[in-house]
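The values are calculated or read from the model by the stated rules, or taken from the named source; none is laboratory data. What you see is a predicted model, and the numbers here were worked out from it, not measured in a lab. Positions of Cβ are backbone-derived with ideal geometry, glycine not excepted, and every protein chain shown enters the neighbour counts.
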Amino acid sequence: MPKAKSEKQTRTAPLVHGAAELSSVIVDGHSSKLRGKNGFLGDDANKKTFQLKLEELRKLMRMDGKDPLGRTPTKELSKKKIDAFLCGDDVGAVAIVMAAIEGFAQDFAAVIEKFLKDNAWSKTERIVVGGGFRQGRVGELAIARTQILLNASGLGVELVPIVHHADEAGLIGAVYLMPDWMLNGHEAILAVDIGGTNVRAGIVEFGKGKSRDLDETQVRKSILWRHADDEPSRTATISKLASMIEELIGEATASQLRLAPLIGIGCPGVIEADGSITRGGQNLPGGNWESDHFNLPLELKKAIPQIGGDDTFIMMHNDAVVQGLSQMPQMKDVANWAVLTIGTGLGNAHFTNRTREKK
């Protein structure tokens, strides 16, 4: 019978990026390559899909001489503006937005049905819906309508909006990448959420307890960098990210907050065990990150070799996985669950909760 690893061995063992086995869950899969009517299945239900639905309806209204949403191009309508149409007095504007929601919900329900036919998703009990689209009233109504359609189809799956704001969920979920031993003596970690437009870094506080429940985890402070405005190189991206993290370390030190020596990263794409990206990194700052000559965790570790006097550990995983992990406290009553993040694309990941041994 193999001997259990000592705490010292555990502390010095390399952490695996994109790991399938985490302390609380098994990541059954993510970034599915299932095909839909428009290419990858994710192309059938995302922010662009809703915009296309809305634009098609506006064109029909213009044929009759009037567009109740005015002259602003559909791509320039913010979530806040579209939500305002729903609450306005113009019934035509309300009707056109509601029709777009209905069209999107039908497509979204069809996408979910296809996911549920996949072996990895066949036992799914609950699906968390995250991403920027979920934040507005339109997104909430689309999720609710999709649930009704799924019920009508006889699918016994529950659809729930993600609890945290998408900006914070992408940071909070990084706590669940942390190995158990780091809970002892620490109160927070550093987290990074990398996207095609923004990079956000933050201090995620998880409290002083040794429990893995982490129900009160929260973002203590965060910094946003809209890299799309700067169009930086990969080298400049690492430099900027390191300066953001150093600022957060200074903030934690000033607040006497005990940081674990870990940087948890959520990043688009398929993340390999060595931290390389094999698919989905083409839209990241500085160009394609799918390169044998570029490894974000290694580069960041060079820039931030220590945190609080301890050697820095870095764990990177797919961004949909990390966002989904933020929902862990609400997933204790199910065994199999998933996350779909609606944004520029449709991120996806599936989880099986691990049975914790009683001590």
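When residue 334 is tested against (1) among the β-branched types (Val, Ile, Thr); (2) under 18 Å from the mean Cα position of the chain (by Cα); (3) modelled with pLDDT of 90 or more, exactly one condition is not met: (2). As a summary of the residue check, residue 88 satisfies the conditions (1) closer than 14 Å to residue 140 by Cα; (2) more than 28 Å from the chain's Cα centre (by Cα) except for the one numbered (1).
With respect to the conditions (1) farther than 17 Å from residue 29 by Cβ; (2) buried (at least 21 other Cβ atoms within 10 Å of the Cβ), residue 301 falls short on a single one, namely (2).
For the residues 260, 254, the requirement of being at pLDDT 90 or above and over 24 Å from the mean Cα position of the chain (by Cα) singles out 254.
Being small (Gly, Ala, Ser) and surrounded by fewer than 14 Cβ atoms within 10 Å (Cβ to Cβ) is a property that holds for residue 273.
For region 228-271, a tally of residues being more than 18 Å from residue 297 (Cα to Cα) and assigned to a strand (DSSP E or B) returns 1.
Per-residue answers, yes or no, for (1) loosely packed, with under 15 Cβ neighbours inside 10 Å; (2) modelled with pLDDT of 80 or more:
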position	(1), (2)
8	yes, no
12	yes, no
17	no, yes
20	yes, yes
24	no, yes
29	no, yes
37	yes, no
44	no, yes
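Only residues that are crowded, with 16+ Cβ neighbours inside 10 Å and either in a loop (DSSP other than H, G, I, E, B) or among the β-branched types (Val, Ile, Thr) (or both) were counted in region 127-150, giving 8. Would you mind stating whether residue 331 is farther than 30 Å from residue 137 by Cα and touching a residue at least 40 places away in the same chain (Cβ under 8 Å)? No: the conditions fail for residue 331.
Residues considered: 292, 274, 333. Of these, the only one that is outside the structural domain of residue 201 (by TED's automatic domain parsing) and part of a loop (DSSP other than H, G, I, E, B) is 333. Checking each residue in region 151-166 for being in a helix (DSSP H, G or I) and surrounded by fewer than 18 Cβ atoms within 10 Å (Cβ to Cβ) picks out 151, 152. Candidates 207, 170, 196: the one that is free of Cβ contacts under 8 Å to residues at least 24 places away in the same chain, outside any strand (DSSP E or B) and either surrounded by 14 or more Cβ atoms within 10 Å (Cβ to Cβ) or of a type in the set (Phe, Trp, Tyr) (or both) is 207. Consider region 215-257 and keep the residues that are of a type in the set (Lys, Arg) and surrounded by 12 or more Cβ atoms within 10 Å (Cβ to Cβ). The one that is nearest to residue 289 (Cα to Cα) is 234.
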